[in-house]
Amino acid sequence: MAEKFQARCLNCRNRFEVEKGNEIAECHHCGSKWRISWVTPEQPKVQGPA
Amino acid sequence: MKTFVIDPDKCTGCRDCEMVCSLYHEKVVNPSRSRITIIRDPLDGIELPIICMQCDEPVCVLVCPVNAIYENEHGAKIIDYTKCMGCRTCVISCPIGGALIDPVSGKTIKCDLCDGEPRCVKFCSTKAIEYLDVSIANQRIKRNTIERYLRALKSGRV
Amino acid sequence: MVLNRKVAFIDLSKGKVVTRDIPLELRKKHLGGRGLNWYYIYNNVSPDVKPFDPENLFVVGAGLLTGMPMLGTGRTQISTKSPMTNGVGDANMGGAFGPEMRYSGFDHLVIRGRAEKPVYLFLSDGEVEIRDAKHLWGLDTHETQRAIKEEIGDERVESMVIGKAGEKRVYFANVMNGNKNAGGRGGTGAVMGSKNLKAIACRGLIDLEVSDPEKFMEYALQMNEQVLSTKWAKTLSRLGTPLLYDVSYTTGFIGTKNWQYNTPGSEGEPLEAENLQKYMIKHVACMGCSVHCRHRVKIDRGKYAGVVAEGPEYTMMGSFGTLVGCYDWDFVIKGNDECNKWGIDNLSLGAVISWAFELYQREILTEKDVGFRLQWGDQDAVLELARMIVNREGIGDILANGFIEASKKFGEGSEYYAIHVKGHPDLHTDERGVPSFALGIATSTRGADHLRSRPAIDLFQLPEDFLEKLIGYKIKSDFTAYETKGILVWWFELYFNIVDSLGVCKFQSTFNCPHCPQYDEYIPLLKYTTGMKFSKEELMQIGERNYTMERMFNILNGMGKKDDYPPARFFEEANPRGLPFMKGRKLDREKYEEMLAEYYRQHGWNDDGIPTDETLSKLEIGMPEKNFPEVE
Ligand code: SF4
Ligand SMILES: [Zn+2]
């Protein structure tokens, strides 16, 4: 199991999980798809729409 | 044995180190009275920490005409003010600028490692200055160098 | 003692200086920084004084905690009657000037008059010297600082200076320290220029005594760690304020092609924050800051190759980015560097330029008026128009006088497209989808602005019980709501006033992150540094007093409820783009009125937004009483 970290969804503003190192992720609350950048190896953040 | 590891690339020029150094030693905030100095020019893009490295064979100890500088249990070279006559010989001879003159008290001052827990290191949020066991220090210095190289490579600058 | 700093009253017309202690009484009522600055201006600048009159005051202040190793206390407050608004002109600058001013013995400089010839001030060890600045006039802000350092012969001299824009009295000229630290807003640089004051330099060796060094050191470290542990600070440390771009362009609250659109959409992708990283040399910080939100950058190739600069901030990503339809980091970096050297508020400049572009699109301005075409995305046209404004050439001379005067000149409904409040241009955020943000820019005493009360955390939709604990009132979590948002804005107005009066960095306050230090942490900090004891209620009362004083200054200068509205466009045109919850949103007039009324009530102001007698007497604010000492 890959490690998971949380990012805030810009659409529903809930926190959703991103697998370590992934550059694309989907918010499991609202289904929005985001491109992800990593502030630190443990802190993902939405960079823009996928 | 411990030593300072300084990485100027990580120094942001915030001078928390200078402020806290003067606060610890003189009980006042006054960066000009700090034992650590950041040579800084934001227009030319320079931030360079300068501090006494507590040399193995310290010139200051050798040249002091009244033998005022001794080594304490942490390896810090300490000025004994009952002996120091303020001749500045150490200030002039130190090749790395480790000894300096407090512009307010007029005393010769230098880093004393804060009793083994340098306050500058505690306050340095980017780890531009660290105080490490020498075996770790060796690795850290190499790592800093490699990281610098990798960054340059990534930015296409080498 | 920290408190043992002086105020210097400087009369440039007479070339005389008087220094005074700052009474403890005043500290208890206003703290320092922004609070005390406005105490001096409120009492000494009467409504008949015009911004460029010698009688206007130019006041510089250090916060009560400025120059300490925590929370980004490198800050300086610069205040004056603004040429843009004819009311509160106020700017807060990072860097290292404020601390050095304190070490030189001064917390406040109250400057009036006009020097016959260009001068600069040099403060050191409790003395103020007025020096000739003929040889500095005409130099850019970087050259000026270098020349002063060389002249004084001390690398540690800090100066705050004006550039071309300030000399030319461009209404939105600013004051600069270091490479990029700007006292950006309110047109403070223009007033400095009007006084023939090119620079203020300082260098000091006077101890800042701290009342409990041991406890202070321990607590300061804890404060820094508290900030650094937040996700917000980690992101800011890496990306700087450009991090905001990713949120605003994705969501849709970033002014685009003036404010015709609320995001460029995928066209804006090149400006995503992460793309700035490849220009980066290193991170730099203000004095006393462990976050380091600034990038030092270099452009390696292309048209602008060789530019080495600090910044740019989010503001510039609008000004030379989305607002003018340019989506190129090279250009944003280049433009930012030029603005810093010119000494001009890049935020206001961008708003004025993009306005001109829209007027051109609508044929209110023509090629004949400008001298060339203003087509969206044309970098050269943007830069050239900027240069003309700074130098007051051609149409630039009109635009340099800001929105109110320029729109009178242009007529033809041009005012509608000017996005400002009280004559003060707005940041390129688009507030029409977020009522609390809209109220904040509308009621801000310095005119449209994001740093006077913006409850940025409103966007996070935090749980209501959490909000109630933070604010002390029931606040709606829904950021599209109007109800309770008057109270939220009120709370942040007071709070940001305290932040500015203490001289700590807003990025390390409860601005973008609810877990950063606030009142509860400031209380021990104040105790360990000054020995003064305050309760949270007392601090809030000081915030209310300081804020109301600024409000009263505006009221005495003819402002009132009519000036408390966001730009008309935000009521008329709905957001054309953005995420589903943002698209189609605009402000509702009726609900806005209710929110404004709630806000007035919360402050203790009447229905017209004028502080009631009861409120004034509770806050011990009287009518202005001149107290600038005799300087013969
Ligand atoms: S966070 Fe940025 S603006 Fe604030 S003190 Fe640090 S470097 Fe300066
Ligand atoms: Zn979602």
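The values are calculated or read from the model by the stated rules, or taken from the named source; none is laboratory data. Nothing here was measured: the structure is a model prediction, and the numbers come from that model. Cβ atoms come from the backbone with ideal geometry, glycine included; neighbour counts cover every protein chain shown. Only protein heavy atoms, including side chains, enter the accessible area calculation; ligands, DNA and RNA are left aside. Shrake-Rupley method; radii C 1.70, N 1.55, O 1.52, S 1.80 Å.
A few remarks follow.
- Neighbours by Cβ (under 6 Å, 6+ apart or cross-chain): first from region B:117-143, away from chain C (no Cβ under 12 Å); second outside any helix (DSSP H, G or I) and open to solvent by 60 Å² or more (accessible area, probe 1.4 Å): B:Y131/B:K2; B:D133/B:K2; B:V134/B:M1
- Residue count for region C:348-376, restricted to those that are β-branched (V, I, T) and within 27 Å of C:A190 (Cα to Cα): 3
- The residue of region C:425-436 that is farthest from C:T315 (Cα to Cα), among those that are touching a residue at least 60 places away in the same chain (Cβ under 8 Å) and in a helix (DSSP H, G or I), is C:P435.
- Qualifying residue in region C:467-482 (condition: closer than 19 Å to C:A233 by Cα and either more than 18 Å from the chain's Cα centre (by Cα) or within 16 Å of ligand 2 (Cβ to nearest atom) (or both)): no
- Here is the figure for region C:408-424: residues that are part of a loop (DSSP other than H, G, I, E, B) and charged (D, E, K, R) total 2.
- Residue match in region C:246-255 (condition: part of a loop (DSSP other than H, G, I, E, B) and within 16 Å of ligand 2 (Cβ to nearest atom)): yes
- Residue among C:F52, C:F58 that alone is aromatic (F, W, Y), under 17 Å from the mean Cα position of the chain (by Cα), away from ligand 2 (no atom under 16 Å from the Cβ) and away from chain B (no Cβ under 14 Å): C:F58
- Filtered residues of region A:1-17 (kept if open to solvent by less than 40 Å² (accessible area, probe 1.4 Å) and in contact with a strand residue (DSSP E or B) (Cβ under 6 Å, 6 or more places away or on another chain)): A:F5, A:A7, A:C9, A:L10
- Within region A:1-13, if we keep just the residues that are outside any strand (DSSP E or B) and at pLDDT 90 or above, the residue that is nearest to ligand 1 (Cβ to nearest atom) turns out to be A:L10.
- Residues of region C:96-118 that are part of a helix (DSSP H, G or I) and among the acidic types (D, E): C:E100 alone.
- Boolean, C:Y327 is more than 14 Å from every other protein chain (Cβ to nearest Cβ), away from ligand 2 (no atom under 16 Å from the Cβ) and in a loop (DSSP other than H, G, I, E, B): no
- Matching residues in region C:126-145 - criterion: being out of contact with any Gly (no Cβ under 6 Å at 6 or more places or on another chain) and at positive phi: C:G138
- For B:D44, the conditions (1) surrounded by 14 or more Cβ atoms within 10 Å (Cβ to Cβ); (2) at pLDDT below 95 are fulfilled apart from (1).
- Matching residues in region B:12-59 - criterion: being assigned to a loop (DSSP other than H, G, I, E, B) and more than 8 Å from chain C (Cβ to nearest Cβ): B:S34, B:R35, B:I36, B:D44, B:I51, B:C52, B:M53, B:Q54, B:C55, B:D56, B:E57, B:P58
- Against the list (1) under 20 Å from C:E269 (Cβ atoms); (2) within 10 Å of chain C (Cβ to nearest Cβ); (3) open to solvent by less than 50 Å² (accessible area, probe 1.4 Å); (4) touching a strand residue (DSSP E or B) at 6+ places or on another chain (Cβ under 7 Å), the condition A:P49 fails is (3).
- Test: residue in region A:18-35 that is under 13 Å from C:V247 (Cα atoms) and either surrounded by fewer than 20 Cβ atoms within 10 Å (Cβ to Cβ) or within 16 Å of ligand 1 (Cβ to nearest atom) (or both): yes
- Residues in region C:275-303 that are open to solvent by 20 Å² or more (accessible area, probe 1.4 Å) and more than 9 Å from every other protein chain (Cβ to nearest Cβ): C:N275, C:G302, C:K303.
- Meets criteria (within 14 Å of chain B (Cβ to nearest Cβ), open to solvent by 20 Å² or more (accessible area, probe 1.4 Å) and in contact with a Ser or Thr (Cβ under 8 Å, 6 or more places away or on another chain)) for C:K257: no
- Here C:G268, C:G302 are screened, and the one residue that is more than 16 Å from ligand 2 (Cβ to nearest atom), in contact with a helix residue (DSSP H, G or I) (Cβ under 6 Å, 6 or more places away or on another chain) and at positive phi is C:G302.
- Region A:20-50 - residue that is of a type in the set (S, T, N, Q) and in a strand (DSSP E or B) and, of those, farthest from C:G252 (Cα to Cα): A:T40
- Qualifying strands (runs of 3 or more DSSP E) (wholly inside region B:96-147; at least 1 residues being assigned by TED's automatic domain parsing to the domain that holds B:Y24 and under 29 Å from C:R294 (Cβ atoms)): B:129-133
- When chain A is filtered for residues that are of a type in the set (D, E, K, R), farther than 13 Å from C:E274 by Cβ and away from ligand 2 (no atom under 14 Å from the Cβ), the ones remaining, listed by number, are A:E3, A:K4, A:E19, A:K20, A:E42.
- Within region B:110-158, if we keep just the residues that are open to solvent by 30 Å² or more (accessible area, probe 1.4 Å), in contact with a helix residue (DSSP H, G or I) (Cβ under 7 Å, 6 or more places away or on another chain) and of a type in the set (D, E, K, R), the residue that is farthest from B:M19 (Cα to Cα) turns out to be B:R148.
- Under the condition of being under 30 Å from C:E620 (Cβ atoms) and crowded, with 18+ Cβ neighbours inside 10 Å, the residues counted in region C:566-601 number 5.
- Test: C:R185 is within 14 Å of chain B (Cβ to nearest Cβ), of a type in the set (D, E, K, R) and closer than 21 Å to C:T66 by Cβ: no
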